[in-house]
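Single-structure report; data block below.
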Amino acid sequence: MPNNTAPETAINPATAFLRLLTVLDTLRTQCPWDKKQTMESLRHLTIEETYELSDAIMEGDMEEIKKELGDVMMHLVFYARIASETDLFNIVDVLNSVCDKLISRHPHIYGDVVVHDEQDVKRNWEQLKLKEGNKSVLAGVPAGLPSLVKASRIQEKARGVGFDWEKKEQVWEKVEEELQEFKDEFNAAETTDIDIEKAEGEFGDLLFSLINYARFININPENALEKTNKKFIKRFQYLESKAKEKGKALQDMSLAEMDVYWNEAKRL
């Protein structure tokens, strides 16, 4: 008869982590759903949990952050549990591996290397990765990252080896240059069909330069855009609620009517 008694609540990090491992082991051997899971089947769920954690962080909801961190941690342990079943690696290997990497990549803490600021640390990090066998500084940027995040990470890594602008004014000049090239593409197309592929390329260059400028003035472009998304959603939902109060459907309202409620939402 299986023992379904859950381990007692832990009072320190080590026993809390052991409790999670014990619970996962029990579920993996006794729960029909957990038994069927593979790394591939968990993958999309892990991505979903990561985005839920991101949402909670953006909302500043600490209770939700705690919950989502637990979900992500559970997934990480689950992957290690699955790998251990075929003797590929186990959770101990995972933890030792990341500890070894952190120690080797922080010679200014665990060695005799001297750094003066955060940028020195980043440069050392990238140089050490190349010494470890990475063929390119950009090799560590996951291909599957959302494009906005990927652009930011590419620029950060290039900066880590000194490939960067010297002054923010130079970056802004590049933004204005790319904006003008984008505008020129459409002005030239006034009497002909727009070359969408070329226009798309110019727009991509403009976005890339804006992300570069944001990085230069310490603005996280992903956070900035997500805050704008949330702001738009709140204002639009206010517009919807006001239209509903008046017994109107948005598609039957004029833009001027909708603007009244939109401006109310902005004031609120």
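Every number in this text was worked out from the coordinates using simple rules, so none of it is lab data. Predicted model, so just to flag it, every value in this text is computed and none were measured. Here the Cβ is made from the backbone with ideal geometry for all residues, glycine too, and neighbour counts use every protein chain on show.
How far apart, in nanometres, would the label points at R43 and V115 be if each is projected 7 angstrom from Cα along the Cα-to-Cβ direction? So the two model labels end up 3.3 nm from each other. When the trypsin sites (Lys or Arg not before Pro) in the stretch 140-239 are filtered for DSSP coil states and for at most 16 other beta-carbon atoms within 10 Å of their beta-carbon, the remaining sites are K167.
If only the Cβ of Lys and Arg carry +1 and only the Cβ of Asp and Glu carry -1, the dipole of the chain around its Cα centre is close to 900 debye.
With R₀ fixed at 30 Å, the C-beta to C-beta distance from D34 to M62 puts the FRET efficiency at about 0.55. Against the longest alpha carbon principal axis of the chain, how many degrees, from 0 to 90 and to the nearest 10, is the axis of helix 196-216 turned? Between helix and principal axis, roughly 60 degrees. Based on alpha carbons, the Rg and Dmax found for the stretch 223-267 are 11.3, 36 Å.
For the stretch 147-186 versus the stretch 197-246, the spacing of their alpha-carbon centroids is 18 Å. Look at E222, E48 and count the other Cβ atoms within 10 Å of each Cβ; fewest to most, that gives E48, E222. Rounded to the nearest 20, the size of the Cβ-charge dipole of the stretch 13-88 about its Cα centre is 480 debye, with Lys and Arg at +1 and Asp and Glu at -1.
Among the listed values [x] 38, 24, 18; [y] 42, 33, 19; [z] 35, 20, 17, the one computed from these coordinates for semi-axes √(5λ) of the Cα gyration tensor in Å is [y]. Each residue, N218 and E181, gets one label point 7 Å from its Cα in the Cβ direction; the gap between the two is 3.0 nm. Of all lysines in the structure, those lying under 28 Å Cα to Cα from K101, and not within fewer than 8 positions of it along the same chain, are K66, K67, K122, K129, K131, K135, K150, K157. To the nearest ten degrees, helix 221-245 and the longest principal axis of the Cα atoms of the chain are 70 degrees apart.
If R0 equals 25 Å, the separation of the Cβ atoms of K101 and I233 corresponds to a calculated FRET efficiency of about 0.05. Taking 7 Å steps out from each Cα toward its Cβ at K246 and F17 produces label points 5.9 nm apart. In the chain, Cα pairs under 8 Å separated by at least six residues give a relative contact order of 10 percent.
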